[in-house]
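The structure under discussion appears below in the form of structure tokens.
The values are calculated or read from the model by the stated rules, or taken from the named source; none is laboratory data. These numbers were taken from a predicted model, which means no experiment stands behind them. As a convention, Cβ positions derive from the backbone with ideal geometry for all residues, glycine included, and neighbour counts pool all protein chains shown.
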Amino acid sequence: MAGNKAVEEVLEFIWSQREQGSNSVRQLLGIEEVAEEADIKTLEDMGRAGLVNISGDNIVLTMDGERLAEAAIRRHRLAERLLTEVLAMDEASIEKNACSFEHTLSPEVTDSICTLLGHPPTCPHGLPIPRGNCCKKERGEMKPIVQQLNALDVGESGRIIFIASNSHMRLDKLGTLGIVPGSTLRVHQKRPAFVIQIGETTLALDPEIIKEIYVKKIF
Ligand SMILES: [Zn+2]
Ligand SMILES: [Zn+2]
């Protein structure tokens with residue numbers, strides 16, 4: 001059977017493909033990155049190892065495969081968030097680095113990264129990050145460095161680290177208002193409306209938008 005890393009990569013691709021509504025073996029093997037790691041024999045080995053079920057052109061994850069794929073996807077997408085937003089890497093080096101270092105992250109380190117980033121719901125491409133134990137319970141052992149805008153009190157300031165929105169329209173609109181990663185804002189009031197000050201401008205924000213803006217508090 002192929003190495004662990006290759007198997008993990010293939011499981012991730014099966015997961016991603018399913019998100020796009022496909023479970024075709026042919027399509028899976030047609031993906032360039034998959035072809036580099038795996039052929040039909042690799043998939044059959046994975047079937048014998050109890051990770052996938054293959055019938056004809058269909059491939060689905062078994063419960064064990066599902067568990068491994070979910071953990072691998074979670075590591076990959078959190079690594080992307082960390083590298084893009086916190087370390088400000090460019091697209092090409094992110095893909096290379098996210099792929100190589102995600103395999104070395106233990107469950108504990110993965111949960112720490114998740115917590116530091118404020119348990120982000122999506123990767124920079126807008127795809128969902130599977131939830132971990134850290135997201136389900138606030139353990140309070142570690143303070144997040146990045147938090148939802150909501151966590152700031154009136155009068156506090158924060159620098160925007162990322163905006164977890166799938167909506168390009170919304171991101172564009174926020175962009176024209178200067179609400180982009182890197183800019184600094186101050187919470188002006190939280191009730192009845194949530195109002196921020198950014199530069200010389202004060203703006204009222206919709207509740208859904210507030211949940212999508214992740215900031216690092218400035219002391
Ligand atoms: Zn992504
Ligand atoms: Zn979490």
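Are any of the residues in region 56-66 more than 13 Å from Ile14 (Cα to Cα) and surrounded by 12 or more Cβ atoms within 10 Å (Cβ to Cβ)? So far as region 56-66 goes, yes, one or more of its residues are more than 13 Å from Ile14 (Cα to Cα) and surrounded by 12 or more Cβ atoms within 10 Å (Cβ to Cβ). Scanning region 150-172 for residues that are at pLDDT 90 or above and either among the basic types (Lys, Arg) or assigned by TED's automatic domain parsing to the domain that holds Glu85 (or both) turns up just one, Arg159.
Pairing each residue of region 68-83 that is within 19 Å of Gly47 (Cα to Cα) with any residue that is assigned to a helix (DSSP H, G or I) and away from ligand 2 (no atom under 14 Å from the Cβ), provided the two are 6+ apart or on different chains, yields C-beta distances under 6 Å for Leu68/Leu11; Ala69/Leu11; Ala69/Trp15; Ala72/Glu8; Ala72/Leu11; Ala72/Glu12.
Taking the condition of being touching a strand residue (DSSP E or B) at 6+ places or on another chain (Cβ under 9 Å) and surrounded by fewer than 13 Cβ atoms within 10 Å (Cβ to Cβ), how many residues in region 13-39 meet it? Break it down stepwise before answering.
Kept after step one, since they are touching a strand residue (DSSP E or B) at 6+ places or on another chain (Cβ under 9 Å), are these residues of region 13-39: 14-15, 17-19, 23-25, 28, 30.
Next cut, surrounded by fewer than 13 Cβ atoms within 10 Å (Cβ to Cβ) only: 19, 30.
Residues that pass the stated criteria total 2.
In region 92-114, the qualifying residues are those that are more than 16 Å from ligand 2 (Cβ to nearest atom) and exposed (fewer than 11 other Cβ atoms within 10 Å of the Cβ), and the one that is nearest to Lys5 (Cα to Cα) is Thr104. In the set (1) loosely packed, with under 11 Cβ neighbours inside 10 Å; (2) in contact (Cβ under 8 Å) with a residue 60 or more places away in the chain, the condition left unmet by His125 is number (2).
Every residue, every condition in (1) under 30 Å from Ala72 (Cα atoms); (2) part of a strand (DSSP E or B), yes or no:
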| residue | (1), (2) |
| --- | --- |
| Cys135 | yes, no |
| Val154 | no, no |
| Phe162 | yes, yes |
| Pro181 | yes, no |
| Val215 | yes, yes |
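What number of residues within region 61-111 satisfy the criterion of being among the aliphatic types (A, V, I, L, M) and over 21 Å from Arg131 (Cβ atoms)?
Initially, region 61-111 is screened for residues among the aliphatic types (A, V, I, L, M), giving 61, 63, 68-69, 71-73, 78-79, 82-83, 86-89, 92, 94, 98, 105, 109.
Add one more test, that the residue is over 21 Å from Arg131 (Cβ atoms), and what stays is 87-89, 92, 94.
Residues meeting the conditions: 5.
Taking interchain pairs and intrachain pairs at least six residues apart, which have beta carbon atoms under 8 angstrom, with the first residue in region 197-219 and in contact (Cβ under 8 Å) with a residue 60 or more places away in the chain and the second among the charged types (D, E, K, R) and part of a loop (DSSP other than H, G, I, E, B)? Close Cβ pairs satisfying both conditions: Lys217/Glu156; Ile218/Glu156. Condition first: within 16 Å of ligand 1 (Cβ to nearest atom), in contact (Cβ under 8 Å) with a residue 40 or more places away in the chain and assigned to a loop (DSSP other than H, G, I, E, B). Can you find one or more residues in region 97-119 that meet it? Checked against the condition, which is being within 16 Å of ligand 1 (Cβ to nearest atom), in contact (Cβ under 8 Å) with a residue 40 or more places away in the chain and assigned to a loop (DSSP other than H, G, I, E, B), region 97-119 yields at least one hit. Checked against the criterion of being in a helix (DSSP H, G or I), aromatic (Phe, Trp, Tyr) and at pLDDT below 95, region 15-34 has no qualifying residue.
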